[in-house]
1. Hey, A:Tyr81 hits all of (1) within 27 Å of B:Ser64 (Cα to Cα); (2) of a type outside the set (Val, Ile, Thr); (3) touching a Lys or Arg at 6+ places or on another chain (Cβ under 7 Å) but one; which does it fall short on?
2. Looking at (1) closer than 21 Å to A:Pro152 by Cα; (2) assigned to a loop (DSSP other than H, G, I, E, B); (3) not acidic (Asp, Glu), which is the one condition that is false for A:Pro19?
3. When residues of the stretch A:22-39 are filtered for being among the β-branched types (Val, Ile, Thr) and assigned to a loop (DSSP other than H, G, I, E, B), how many remain?
4. In the stretch A:145-170, what count of residues is obtained for those that are within 23 Å of A:Tyr187 (Cβ to Cβ) and assigned to a loop (DSSP other than H, G, I, E, B)?
5. Of the numbered conditions (1) within 26 Å of A:Asn93 (Cα to Cα); (2) within 22 Å of the chain's Cα centre (by Cα), A:Asn300 satisfies every one except a single condition; which is it?
6. Which ones in the stretch A:264-295 are more than 18 Å from A:Arg333 (Cβ to Cβ), among the polar types (S, T, N, Q) and modelled with pLDDT of 95 or more?
Number of protein chains: 2
Amino acid sequence: MGVNNSTFELTVLGCSGGPVAGKTCAFLLKPSSISFQEALENELDCILALEAGAGIETIAEMISDCRKNTSSVSSYFSQLYSNAEDPSYYSDNNDLIKTQPFEDVSKDPANSSLQLAKEILNCMSAYIITHPHLDHVLGLVINSPCFTRQTPIYGTQQTIDNLKDHIFNGKVWPPLSYLTFNYLQPYTENFNITESIAVETFQVSHGFTSPKELYKSSAFLFTETNDKGKLLFFGDVESDLSSNTKYNQHIWLTVADHILSKKLKAIVIECSSVDKKPGQPLFGHMTPINLISELLNLQNICLEKKATKHPLAGLNVLIIHVKEAFDHLGDPRKQVLESLRRLNQKHDLRINFTICMPGISYFI
Amino acid sequence: MGVNNSTFELTVLGCSGGPVAGKTCAFLLKPSSISFQEALENELDCILALEAGAGIETIAEMISDCRKNTSSVSSYFSQLYSNAEDPSYYSDNNDLIKTQPFEDVSKDPANSSLQLAKEILNCMSAYIITHPHLDHVLGLVINSPCFTRQTPIYGTQQTIDNLKDHIFNGKVWPPLSYLTFNYLQPYTENFNITESIAVETFQVSHGFTSPKELYKSSAFLFTETNDKGKLLFFGDVESDLSSNTKYNQHIWLTVADHILSKKLKAIVIECSSVDKKPGQPLFGHMTPINLISELLNLQNICLEKKATKHPLAGLNVLIIHVKEAFDHLGDPRKQVLESLRRLNQKHDLRINFTICMPGISYFI
């Protein structure tokens, strides 16, 4: 599945699960048939900001790197871990990867990287947010004075109400007239969030705020309206086993048909840390064992629907939200990937895993 | 005033006023007689985190730069502006500046820059916060899972209540057991916030949340308890002229004696942007004209107290919170500094201005 067969370009501004700030979850999603340069030149309604844990500063850095022909964004982790590797190490499918997604944009000599980053920011059709934790929204907040045109923010009622009541409330941050807030209703029809991307919203569990109160995040199923290719995106999420719910099961039942029809191009999902000792808290997140158990559920549903061997073979599963680690084992992404590859082989799932890296576009 | 005569080391992790994230206001303050290496080795109760708009990621980056003998933190702005200069350009008093404040710490070969940064973070005696805007607290929030020992957070009631009600509320961020919240009462006695630094708290105005409701920030007067040297720190603040209050006047009346007795080593204060056209909103911030009018007030109070010419001569005024700009004039720090120097000369104030830069320690 090379660039030519791809449906979406998913650009990673940040995908860390913290506790290090600066590159937390933020992505741009657009049809891969339109370049950033075309979108900018023609003011196309096609770029969706998906989560907002980083923003204009990272775009400016990526443009600056293009100009210097360096890749400090993708080598960000080599500052943190002595054993960090190049992005290609972290993918079972290197056809997906494109470095320097803003290469064309960066060639404009008249503007600084910061001015160009502001132009890209003001080219967003909308922001869509899974939940209001700060590692998913701080870029939107800090960057908000940069908006020069009305930009809609979308999320479930819980997400939007928390953003309005607790962040853009005049106490933590000023309310800003250029942002408009809009509710997404889970489990309803597709909604055209940009001219060529429709979205269907699901609820997922993301831990408990008290022993009784479940904290909900969202998952989004995006459809490119021309070629009907689909992308399933989870922000933070825990497995049905740890939440004791059927939120993920519901989503797998929905997407199984799209897997069998080869319309589902990728699942983007968190795997926050290496597997823990029994009894250690997961704080509403996934480890490799949890994620593989969810993917085995998905495989079983596909097998029940149609007698085909290895229904997940070749499916791209992109991993986000790995948390930075302070042990002597170095880059936790390597450990998470090694566990996933081992379990993938053990269960003969034949999935292509990719650990996302900041500063890279994935063509899926 | 070289390093040997200094009282404090003020380390700048970030001092941008946004809207670019990553290097917003965050400082470390300690007696200059104790090095970071000594503080770490002996677990000394001496480092105060002052604001928290950046954190462990910036410390790790600074340590990584020491190891590579580069200075990407201090040259951060050269990515954003083609006309950014070295830190020495931005100071009337280059004796203050020390690059690579974590040089000694970085020599530990057994630990990664991230592990060392976590050690420094857990060496903080306390955090003290002027107000709960996210560009002043996001590092504390995102980094909060890194704390391995009880760390107290101090602020006025408004600051602490907003942090608890709107940020660490389980919706925007989980409440974390390792942080304790403590109220500072303005206009009361000095309070020993570390073993060798006492603090006196003041209220200041930082704009209006509605036409009638003033939004308050804080200023802190720090005293090093051994040599009695003092440092006056303002987070975000507007001039008494734009707020129509006497909050700053009250502070100038308090510190005038310390200026005349040469105990006040520096004022750290914001100057967020270049002067604006009449009628343009300031959003509760200062421009060069506002700041000079405040410093003229301070001079007048000093002159009334004692017949001395040029009472502010040689006073170090360190500027923080310059906002990033998107015009074709490039680095706004240069323009702000040029305006301040021109007004300083016009009014014969004889102040030493320094525009703070991230990644640098100032010995004051």
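The values are calculated or read from the model by the stated rules, or taken from the named source; none is laboratory data. Everything quoted here is computed from the prediction, not taken from an experiment. Please note: Cβ atoms are built from the backbone with ideal geometry, for glycine as well, and neighbour counts cover all protein chains shown.
1. Here A:Tyr81 meets the rest and fails (3).
2. The failed condition is (1).
3. Final tally of qualifying residues: 1.
4. 1
5. The number of the failed condition is (2).
6. The answer is A:Ser293, and nothing else.
Rundown of residues vs (1) among the basic types (Lys, Arg); (2) farther than 19 Å from B:Asn190 by Cα; (3) buried (at least 22 other Cβ atoms within 10 Å of the Cβ), yes/no style:
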position	(1), (2), (3)
B:Gln249	no, yes, no
B:Ile267	no, no, yes
B:Ser272	no, yes, yes
B:Leu291	no, yes, yes
B:Thr308	no, yes, no
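Here is a yes/no grid of residues against (1) of a type in the set (D, E, K, R); (2) closer than 19 Å to B:Thr354 by Cβ; (3) crowded, with 24+ Cβ neighbours inside 10 Å:
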{"position": "B:Leu50", "(1), (2), (3)": "no, yes, yes"}
{"position": "B:Gly55", "(1), (2), (3)": "no, no, yes"}
{"position": "B:Glu61", "(1), (2), (3)": "yes, no, yes"}
{"position": "B:Glu85", "(1), (2), (3)": "yes, yes, no"}
